[in-house]
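Enquirer: Let me begin by handing over the structure; questions about it come next.
The values are calculated or read from the model by the stated rules, or taken from the named source; none is laboratory data. Nothing here was measured: the structure is a model prediction, and the numbers come from that model. Reconstructed Cβ throughout: ideal geometry from the backbone, glycine too, with neighbour counts over all protein chains shown. The accessibility values were calculated without ligands, DNA or RNA, using every heavy atom of the protein model including side chains. Shrake-Rupley method; radii C 1.70, N 1.55, O 1.52, S 1.80 Å.
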Amino acid sequence: MHSSPITALCPAAADARMPVPFTYPYPHPTPQSNPQQHPQPYLRSKGSPGRGLSLSFTLPGDVRSAFIGRTVVAAALEAHGLTPYVWPATHVVDELVAVTVRMSPGKELYVSLRQRDDAVRLLVWDQHPHHTAPDLATLCEKRRRRALWLLAAVVDDWGGEWGVSEASSPHAGIKSWVVLPR
């Protein structure tokens, strides 16, 4: 199997040199793996039981981070009794992380998963720079939205909402969010 460099979606990021691939310090589980070799994470709610799920984590800016995001989100939802959300939420985090990594290669991203008011809210914040040239900003936004077509289909099928916006001050970057109602 051959590997090729990741193509950046952002025209400005495509000009930058791609970083050296990140190597995880542990093996990826495979279908042939013994489940005892890869224990499931232990996740429990902090605070009162009625408070709901609240989880935040940072991922490296590498395409393999989508695997970690899917695994963490699935484990957290199952641990909090939100199993019906596992299918759409894992697809959503997979798409958001994969596209975000291609928009800002090599830069860390922040993931937030919350359950409130009979809805699951997922946010991915990346460090994508603000473009001062209007044409470049428009092209970059169009490429991001076009790359998220599968996310749009999953969220629409679930009856949810999603969007992309610039992070509010004092933060820089882009926030991509999804709300999945019950």
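Enquirer: Tally the residues that are over 18 Å from Met103 (Cβ atoms), open to solvent by 30 Å² or more (accessible area, probe 1.4 Å) and among the aliphatic types (A, V, I, L, M), restricting the search to the range 134-182.
Expert: Final tally of qualifying residues: 2.
Enquirer: Another question, then. Checking the condition assigned to a loop (DSSP other than H, G, I, E, B), among the small types (Gly, Ala, Ser) and touching a residue at least 24 places away in the same chain (Cβ under 8 Å), which residue from Gly81, Gly61, Gly69 passes?
Expert: So the residue among Gly81, Gly61, Gly69 that is assigned to a loop (DSSP other than H, G, I, E, B), among the small types (Gly, Ala, Ser) and touching a residue at least 24 places away in the same chain (Cβ under 8 Å) is Gly61.
Enquirer: Something else: Within the bounds of the range 22-34, is there any residue that is closer than 30 Å to Arg143 by Cα, in a strand (DSSP E or B) and modelled with pLDDT under 95?
Expert: So far as the range 22-34 goes, no, none of its residues is closer than 30 Å to Arg143 by Cα, in a strand (DSSP E or B) and modelled with pLDDT under 95.
Enquirer: On the given criteria, is Ala75 at pLDDT 95 or above and either touching a strand residue (DSSP E or B) at 6+ places or on another chain (Cβ under 6 Å) or assigned to a helix (DSSP H, G or I) (or both)?
Expert: yes
Enquirer: Which numbered condition in (1) free of Cβ contacts under 8 Å to residues at least 24 places away in the same chain; (2) of a type in the set (Ser, Thr, Tyr); (3) touching a strand residue (DSSP E or B) at 6+ places or on another chain (Cβ under 6 Å) is the only one that Ser176 fails?
Expert: (1)
Enquirer: Look at His131 and say whether it is surrounded by 14 or more Cβ atoms within 10 Å (Cβ to Cβ) and in a loop (DSSP other than H, G, I, E, B).
Expert: Judged against the criteria, His131 is a match.
For (1) touching a helix residue (DSSP H, G or I) at 6+ places or on another chain (Cβ under 9 Å); (2) within 13 Å of Ser176 (Cα to Cα), each residue gets a yes or a no:
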residue	(1), (2)
Glu78	yes, no
Val92	yes, yes
Glu95	yes, yes
Val101	yes, yes
Pro105	yes, no
Tyr110	no, yes
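Enquirer: Restricting attention to the range 60-87, and to residues there that are hydrophobic (A, V, I, L, M, F, W, C) and closer than 13 Å to Val120 by Cβ, which single residue is most open to solvent (accessible area, probe 1.4 Å)?
Expert: Let us first name the residues in the range 60-87 that are hydrophobic (A, V, I, L, M, F, W, C), namely 63, 66-68, 72-77, 79, 82, 86-87.
Checking which are closer than 13 Å to Val120 by Cβ leaves us with 73-74, 76-77, 82, 86-87.
Details: Val73: 0, Ala74: 20, Ala76: 2, Leu77: 0, Leu82: 7, Val86: 25, Trp87: 128 Å².
Result: Trp87.
Enquirer: Could you say whether any residue in the range 101-121 is open to solvent by less than 10 Å² (accessible area, probe 1.4 Å), in a helix (DSSP H, G or I) and more than 17 Å from Ala152 (Cβ to Cβ)?
Expert: yes
Enquirer: While we're looking at this one, here's another question. Please go through the range 139-169 and pick out each residue that is in contact (Cβ under 8 Å) with a residue 40 or more places away in the chain, assigned to a loop (DSSP other than H, G, I, E, B) and farther than 19 Å from Gln115 by Cα.
Expert: Correct list: Leu148, Ala167.
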